[in-house]
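Quick note: the coordinates plus some simple rules give every number you see, no bench work behind them. If you're wondering where the values come from, they're calculated on a predicted model, not measured in any experiment. Heads up, the Cβs are rebuilt from the backbone with ideal geometry, glycines too, and the neighbour counts pull from every protein chain shown.
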Amino acid sequence: MPSILIIDDEAAIRKTLGEILGFEGYKITDASDGEEGLKLFREKEFDVVLCDVKMPKMDGIEFLEKAKEINPEVPVVVISGHGNIDTAVEAVKKGAFDYISKPPDLNRMLITLRNASDKNTLQAETKVLKRKVTRVQEIIGESPEVKKIKETIEKIAPTDARVLITGESGVGKELVARWIHAKSLRSGQPMVEVNCAAIPSELIESELFGHEKGSFTSAVRQRIGKFEQAHNGTLFLDEIGDMSLRAQAKVLRALQEGKITRVGADKDIRVDVRVIAATNKDLLKEVENKNFRLDLYHRLSVIILHVPSLNQRISDIPMLVDKFLQDIALEYGRPKKTIDKRAVELLQKNKWTGNVRELHNVVERLIILSGKTIRTEDVQNYVMPAR
């Protein structure tokens with residue numbers, strides 16, 4: 001339900017607009033002058049502001065200027081009498097979304113408010129998407145284990161050495177891979193990710209190497225594989241321990257010869273790809289069990305980088321919690337919540353079988369279910385019962 005702040009010194013107009021917009025499904029808050037409106041604007045979040053121009057104490061233009069300093073993303077629609085049209089136009093030049101003349105035309109007002117609300121929603125969604133697409137998340141922590149990982153990344157990133165990242169599920173192996181790519185000489189080229197565990201064994205070859213039209217029943221068009229997509233960049237093979245032996249043989253050839261062949265084709269294609277692999281399995285045990293090729297293991301493990309579990313670096317939990325509180329608040333478009341120190345200490349005593357991923361989910365749960373400050377009783381009620 002979009003929320004609207006109505007600022008007008010005429011009580012009758014505030015009441016009428018409030019009833020009409022409330023009937024249309026908007027949540028209404030009103031103020032009798034610019035000063036009161038600005039106080040509410042600072043304290044609460046609104047999707048749109050509907051503001052009169054001519055008011056005592058603080059007029060609509062002054063309110064607009066101050067509101068834009070506080071939160072420039074919230075659309076402000078000004079209402080003006082016929083004698084104040086020039087002022088209203090000036091307000092639009094200063095950043096108002098639109099202006100409506102008094103007495104307001106109901107249909108036009110509803111269209112304007114809907115457009116303003118939609119614009120605000122789209123801007124918020126665009127910001128979230130940009131953060132997700134462009135941001136390489138920081139590796140959070142100051143524990144000796146994390147410092148060692150960061151130091152190793154600084155050494156290996158500028159090279160083309162293949163890297164095998166090991167560690168339990170949820171420790172952040174993908175994040176480490178992204179950091180290696182971001183700090184490499186290939187950072188301007190694509191990083192293509194493949195989750196080997198999520199692709200059926202009969203489709204993994206097509207996914208990695210592509211296929212020609214008609215090469216099998218459902219191949220209705222030519223497909224470019226992940227190796228070609230990652231040309232001159234980085235290919236991240238996540239959960240490589242789940243790859244079929246047949247696909248492993250082809251990956252080995254691609255690494256040895258620097259070329260691949262699409263399914264159903266007889267022509268080789270040269271590829272220049274840096275491969276980073278990750279697994280939560282013990283690949284040497286998989287080799288013993290004949291589930292993984294020893295020669296491929298040696299090709300992938302030029303550098304082996306082990307990511308410790310969260311239980312091995314509990315000193316990083318306060319920093320991780322603070323980072324998650326900030327990120328989730330941005331994603332939800334809400335103010336960042338605080339957490340009591342004793343609540344953090346209680347989280348440090350927990351056993352994290354799901355590692356950093358589980359901690360992130362727990363923090364999100366606490367943000368949703370707790371008050372403004374997350375306290376020990378919140379952790380006991382919403383985290384510990386799961387154990």
Report the relative contact order of the chain, percent, no decimals, based on alpha-carbon pairs under 8 angstrom and at least 6 residues apart. 13 percent
Sort L330, L50, L106 so that the residue with the fewest other Cβ atoms within 10 Å of its own Cβ comes first and the one with the most comes last. L106, L330, L50
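How big is the Kirkwood radius of the chain, worked out from every pair of different alpha carbons and given in Å to one decimal?
25.3 Å
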Roughly what would the spin-label model give for M1 and A219, points 7 Å off Cα along C-beta, in nm? 5.7 nm
Below 12 angstrom from the Cβ of D8, what's the summed charge of the other residues (Lys, Arg +1; Asp, Glu -1)? -3
Calculated FRET efficiency for the pair K93/S201, C-beta based, R₀ 51 Å, to 0.05: 0.25
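Helix-only estimate, please: 222 nm mean residue ellipticity of the chain, summing -39500 (n - 2.57) across DSSP H runs of length 4 or more and dividing by its residues, to the nearest 500. Before the final figure, lay out each step's value.
Values: 16 runs with 177 residues, N = 387.
The helix-only estimate for the chain comes to -14000 deg cm²/dmol at 222 nm.
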How much FRET efficiency would the formula 1/(1 + (r/R0)^6) give for K44 and T376, where r is the Cβ-Cβ distance and R0 is 35 Å, rounded to 0.05? 0.75
Quick check: Cα centre of the stretch 266-342 to Cα centre of the stretch 1-51, how many Å? 48 Å
Mean Kyte hydropathy of 1.6 or more with a Cα span along the axis of at least 20 Å, helices from DSSP in the chain: none
Mind checking which lysines have their C-alpha under 19 Å from K337, skipping anything on the same chain fewer than 8 residues away? K44, K323, K372
1/(1 + (r/R0)^6) with r = Cβ-Cβ of T159 and H298, R0 = 25 Å, i.e. FRET efficiency to nearest 0.05, evaluates to 0.90
Net lengthening on full extension, S32/K259 (0.36 nm per residue, minus Cα-Cα): 74.5 nm
Taking the chain as a Gaussian network, Cα atoms linked when under 10 Å apart, which of P318, P75, P104 shows the biggest mean-square fluctuation? P104
Net charge of neighbours whose Cβ lies under 15 Å from the Cβ of E212, counting Lys and Arg as +1 and Asp and Glu as -1: 0
Simple spin-label estimate for R246/R342, 7 Å along Cα→Cβ, in nm, reads 6.1 nm
Cα pair distances of the stretch 3-134 binned at 10 Å [whole percent]: 13, 47, 32, 7, 2
Distance between modelled label sites at E288 and E331, nm, 7 Å Cα→Cβ extension: 3.9 nm
